[in-house]
Amino acid sequence: MNIPSNLKYTKDHEWVLIEGDVATVGITDFAQKELGDIVYVEVETLDQTLSKDEVFGTVEAVKTVSDLFLPLSGEIFEFNEELETTPEAVNSDPYGKGWMIKVKIADATEVEELLSSDAYKELIGA
């Protein structure tokens with residue numbers, strides 16, 4: 001299982017790449033395997049400011065639909081539009097082409113609450 005050490009993680013199986021005051025967010029390799037084949041990613045919160053843990057979208061697999069929870073408070077300013085035509089990128093490249101949103105971080109102290117790769121591995125028993 002791929003769990004890059006340069007990323008932060010949430011208990012909801014999202015990964016977060018912090019670059020200055022911008023966070024790129026997607027779902028983890030573990031999450032995409034649990035969900036199965038991703039057929040649709042919906043984010044209707046573009047240009048909205050949400051609080052940490054609010055639902056920012058959904059990911060739909062063949063058998064289920066799962067909510068996506070914002071790992072950090074802030075404004076969602078970019079959505080990976082490639083996912084509209086190729087949602088399977090979430091399965092094939094969850095940490096690359098499968099990224100979902102970019103958020104302008106409102107409260108940098110929330111970053112400290114995210115899990116390290118080691119803590120995430122412990123959470124999923126990897």
From THR49, THR28, grab the single residue that is open to solvent by 40 Å² or more (accessible area, probe 1.4 Å), within 25 Å of THR109 (Cβ to Cβ) and of a type outside the set (Lys, Arg). THR49
Is it true that some residue in region 66-84 is in a helix (DSSP H, G or I) and either without any contact (Cβ under 8 Å) to a residue 40 or more places away in the chain or open to solvent by less than 30 Å² (accessible area, probe 1.4 Å) (or both)? yes
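Test of understanding: among GLY98, GLY57, GLY26, which residue is part of a loop (DSSP other than H, G, I, E, B) and not hydrophobic (A, V, I, L, M, F, W, C)?
It is GLY98.
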Which residues, taken from region 61-87, are under 13 Å from ALA31 (Cα atoms) and over 14 Å from the mean Cα position of the chain (by Cα)? ALA61, THR64, VAL65
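Yes/no matrix, rows are residues, columns are (1) of a type in the set (Ser, Thr, Tyr); (2) free of Cβ contacts under 8 Å to residues at least 60 places away in the same chain:
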site	(1), (2)
VAL25	no, no
VAL41	no, yes
GLN48	no, yes
SER92	yes, yes
SER117	yes, no
ILE124	no, no
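Answer with yes or no whether VAL62 is surrounded by fewer than 20 Cβ atoms within 10 Å (Cβ to Cβ), in contact with an Asp or Glu (Cβ under 8 Å, 6 or more places away or on another chain), aliphatic (A, V, I, L, M) and modelled with pLDDT under 95.
yes
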I'm trying to understand the selection: among the residues of region 85-95, which are in a loop (DSSP other than H, G, I, E, B) and open to solvent by 20 Å² or more (accessible area, probe 1.4 Å)? THR86, GLU88, ASP93, TYR95
For region 101-126, name all the residues that are assigned to a helix (DSSP H, G or I) and not hydrophobic (A, V, I, L, M, F, W, C). THR109, GLU110, GLU112, GLU113, SER117, ASP118, TYR120, LYS121, GLU122
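The values are calculated or read from the model by the stated rules, or taken from the named source; none is laboratory data. Keep in mind that this is a model prediction, so the values were computed, not measured. All Cβ positions, even for glycine, are placed from backbone atoms using ideal geometry, and neighbour counts span all protein chains on display. Quick note on the areas: whole protein, heavy atoms, side chains included, nothing else; ligands and nucleic acids left out. Shrake-Rupley method; radii C 1.70, N 1.55, O 1.52, S 1.80 Å.
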